[in-house]
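To start, the structure itself, in structure tokens.
The values are calculated or read from the model by the stated rules, or taken from the named source; none is laboratory data. Remember, it's a predicted structure, so these values are computed and weren't measured experimentally. With ideal geometry, Cβ positions are generated from the backbone for all residues, glycine too; neighbour counts draw on all protein chains shown.
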Amino acid sequence: MAVNKGFGLLFEMGCGKTLTAIAITGAAYQMGKVKRVLIVAPTSVCAVWPKEFQDYAAFPYTIKTMLGDKKKRLKELDDLIKFPYPHLKVAVINYESTWRDGLYEALEDYDADLIIADESQRIKTHDSEQSKAMHRLGDKARYKMILSGTPVQNEAVDIFSQYRFLDPTIFGQNFYVFRNRYAVMGGFNRKQIVAYRDLDQLIKKEHSIAYRVTKDEALDLPEQTFENRYITLSPKERNIYDRLRRDSYAELADGGTITATTVLTKLLRLQQFTGGFLVEDDAAKPQLVSTGKLDALSDILQDYVVEGKKKLVIFARFLPEVHEIERLCDKILGKQGMRSVAIYGEIKKEDRGGIVQQFQTDPQTMVFIGQIDTAGTGITLTAADTVVYYSVNFNYATYSQSLSRIHRIGQRHPCTYIHLVVEHSVDSQLLASLSKKEDLAKTVVDDWRQFFDGKA
């Protein structure tokens, strides 16, 4: 009979949840409680775990990261199982692979004593395939652990699926019973959550098997400073931006159904333009039509990196922006014998840990460029104390995570965040939403006119 115990480390970003998880795992191994561990993490974070074990594990272990095609993943797991020495065996895999044919069965046969769900908000949707796979795997494991700084990203019901994996006795196994207990339903056919009740009890139950740590409680981290660098469009660029804005307004006001998707799609086009790119309907790829943000970034690179000899992190949302920033860095830094590195969606998962390590340790690698959705979580970039946001995305949780790439354990200097903002544009409105800790998708349907009325 499985012990089936679970515990949550609900640490804010930068408070050392990975370090703590490794310490707990090592203690359990040395007590003879755990021999096989399965770590499930977002793809971008998988490659980080071997480095964290190398830095912090004071016990014998063997770790395999299961990335690549199915054949390669299965071989890594088989090699781990057959490892002949009495080490703690650790398998690392991404959430999306847990439910795949052949992989799920192999993970089940691995029969982990302890399963760690890193960034457990990835299984907040109770009926997704990866959530259901984690529930089944968790039901077999003797011990479970969730790691998250933001277990509740959108709604309080996000906690159900994570705790269904962790310990089904806390909130039960039926989502709808849980929802009816704590949520008030309304709207069309009473299918929308309009309010919550007994949240104090919910939080009490949540914390009964979890430990919450905030930065204010745990760390004496340096101050954070935010500043905006404003970019003025040329008259020609302003005319193009205003045309795009007016066209978007007209299309949305034309009497059709307004959805978050339709509004966000049009905001996306405006945001691409403020980054310098115009996407014509018949064009094969975005065209660079404005260099305002690139010129501002050039000044920062010159001041901070070339003259100040300080490392710098740059986040951008769109891939064309990332590549243009890479070219700019090559041009400016190359003359000084300096270099940049980048992580974006096309970079192989197994290569990302080495790229981060290079930035952290190589004195000539001065700039890290990250696509915010890919590189904004799970990595440590404390070699820098300044981040430039060339562009941001619409999700507050992702933005908040990205702030903590430099503001975390190991940072000894005040942290500065510089946003490049095109005046009187969607940029200012996006930042205003993020400053209120709002996801744009949740408010944009009711407030869509403010983004296109020309008053920003």
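Among residues belonging to region 73-102 that are exposed (fewer than 14 other Cβ atoms within 10 Å of the Cβ) and among the aromatic types (Phe, Trp, Tyr), point out the one that is nearest to residue 45 (Cα to Cα). The residue in question is 83.
Exactly one residue among 421, 444 is closer than 18 Å to residue 387 by Cα, crowded, with 18+ Cβ neighbours inside 10 Å and more than 21 Å from the chain's Cα centre (by Cα), and that residue is 421.
If I ask for residues that are in contact (Cβ under 8 Å) with a residue 60 or more places away in the chain and either farther than 18 Å from residue 303 by Cα or part of a loop (DSSP other than H, G, I, E, B) (or both), which ones from region 317-336 would you list? The answer is 317, 318, 321. Evaluate region 29-45: report whether one residue or more is modelled with pLDDT of 90 or more, within 16 Å of residue 350 (Cβ to Cβ) and surrounded by 15 or more Cβ atoms within 10 Å (Cβ to Cβ). Checking region 29-45: at least one residue is modelled with pLDDT of 90 or more, within 16 Å of residue 350 (Cβ to Cβ) and surrounded by 15 or more Cβ atoms within 10 Å (Cβ to Cβ). Of the helices (runs of 4 or more DSSP H) lying entirely inside region 16-86, those containing at least 2 residues that are of a type in the set (Gly, Ala, Ser) and without any contact (Cβ under 8 Å) to a residue 40 or more places away in the chain are 17-30.
Scanning region 226-280 for residues that are within 25 Å of the chain's Cα centre (by Cα) and aliphatic (A, V, I, L, M) yields 260, 263, 264, 267, 268, 270. Among the residues of region 304-316, those that are surrounded by 20 or more Cβ atoms within 10 Å (Cβ to Cβ) and assigned to a helix (DSSP H, G or I) comprise 304, 305. Look at (1) touching a helix residue (DSSP H, G or I) at 6+ places or on another chain (Cβ under 9 Å); (2) surrounded by 23 or more Cβ atoms within 10 Å (Cβ to Cβ); (3) modelled with pLDDT of 90 or more and you find that residue 63 fails only one, number (2).
For residues that are part of a loop (DSSP other than H, G, I, E, B) and among the β-branched types (Val, Ile, Thr), scanning just region 256-289, find the one that is modelled with the lowest pLDDT. I'd like the intermediate steps shown before the answer.
Taking region 256-289 as the starting set, the residues that turn out to be part of a loop (DSSP other than H, G, I, E, B) are 256-259, 275-276, 279-286, 289.
From what's left, among the β-branched types (Val, Ile, Thr): 257-259, 279, 289.
On the way: 257: 73, 258: 81, 259: 81, 279: 78, 289: 91.
Result: 257.
Considering each residue of region 255-270 in turn, none proves to be in contact with a Lys or Arg (Cβ under 8 Å, 6 or more places away or on another chain) and free of Cβ contacts under 8 Å to residues at least 60 places away in the same chain. Comparison of 175, 188 shows that the only residue that is assigned by TED's automatic domain parsing to the domain that holds residue 24, more than 16 Å from residue 10 (Cα to Cα) and free of Cβ contacts under 8 Å to residues at least 24 places away in the same chain is 188. Residues that are surrounded by 23 or more Cβ atoms within 10 Å (Cβ to Cβ) and among the aliphatic types (A, V, I, L, M) were ranked within region 142-166; the one that is farthest from the chain's Cα centre (by Cα) is 166. For region 373-386, a residue qualifies if it is surrounded by fewer than 24 Cβ atoms within 10 Å (Cβ to Cβ) and within 24 Å of residue 230 (Cβ to Cβ), and the qualifying residues are 385, 386. Tell me whether region 185-196 contains one or more residues that are within 25 Å of the chain's Cα centre (by Cα) and outside any helix (DSSP H, G or I). Checked against the condition, which is being within 25 Å of the chain's Cα centre (by Cα) and outside any helix (DSSP H, G or I), region 185-196 yields no hits at all.
The listed residues are 268, 244, 233, and the only one of them that is among the hydrophobic types (A, V, I, L, M, F, W, C), surrounded by 17 or more Cβ atoms within 10 Å (Cβ to Cβ) and closer than 30 Å to residue 415 by Cβ turns out to be 233. When region 356-367 is filtered for residues that are surrounded by 20 or more Cβ atoms within 10 Å (Cβ to Cβ) and either at pLDDT below 95 or in contact with a helix residue (DSSP H, G or I) (Cβ under 9 Å, 6 or more places away or on another chain) (or both), the ones remaining, listed by number, are 356, 366, 367.
In region 373-401, the residues that are at positive phi and modelled with pLDDT under 90 form Cβ pairs under 7 Å with partners that are hydroxyl-bearing (Ser, Thr, Tyr) and crowded, with 21+ Cβ neighbours inside 10 Å, at six or more places apart or across chains, as follows: 378/44.
With the condition kept exactly as written, say whether any residue in region 399-414 is of a type in the set (Val, Ile, Thr) and over 16 Å from the mean Cα position of the chain (by Cα). Scanning region 399-414 turns up at least one residue that is of a type in the set (Val, Ile, Thr) and over 16 Å from the mean Cα position of the chain (by Cα).
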